[in-house]
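In what follows, a single structure is set out as structure tokens and then discussed.
Read-outs throughout are calculated quantities, based only on the coordinates presented, and are distinct from any laboratory measurement. Remember, predicted model here, so these are calculated numbers, not experimental data.
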Amino acid sequence: MQQLEEKIKQMKTKIEEAKDLRRRAELKLENLEKQERDILMELEQLGVKPEQLTEEISRLEQEVKDGLQEVEQLLPKELLVDGDH
């Protein structure tokens with residue numbers, strides 16, 4: 001009989017642990033869903049649709065490269081050589 005009571009006690013403990021894990025998972029899910037909503041709202045404010053993100057990132061990277069190249073062309077060559085050391 002004592003073994004049975006011990007087994008029941010262990011099962012109750014495991015059930016409580018599982019409930020705790022579930023609560024934590026639900027909270028994490030809520031936080032992630034909120035982050036997703038915030039990101040989508042920010043993208044909307046920037047005028048970028050989620051499905052265009054990769055394209056927009058590539059466009060911005062190219063814009064940065066072009067800007068750096070333009071700056072390099074405008075700087076005196078002597079400054080560029082000294083800046084590398």
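Structural remarks
- Per-residue Karplus couplings for region 3-13, computed as 6.51 cos²θ - 1.76 cosθ + 1.60 with θ equal to phi - 60°, are listed in order as 4, 5, 5, 5, 5, 4, 4, 4, 5, 4, 4 Hz, Gly and Pro entered as x.
- Dividing the summed -39500 (n - 2.57) terms of all DSSP H runs of n ≥ 4 by the residue count of the chain sets its mean residue ellipticity at 222 nm at -31000 deg cm²/dmol.
- Reach of LYS28 by Cα under 27 Å, taken over lysines that are not fewer than 8 positions away in the same chain: LYS12, LYS14, LYS19, LYS49
- Taking amide H as placed 1.01 Å from N in the peptide plane, VAL48 has no amide H partner under 5 Å among residues 5 or more places away or on another chain.
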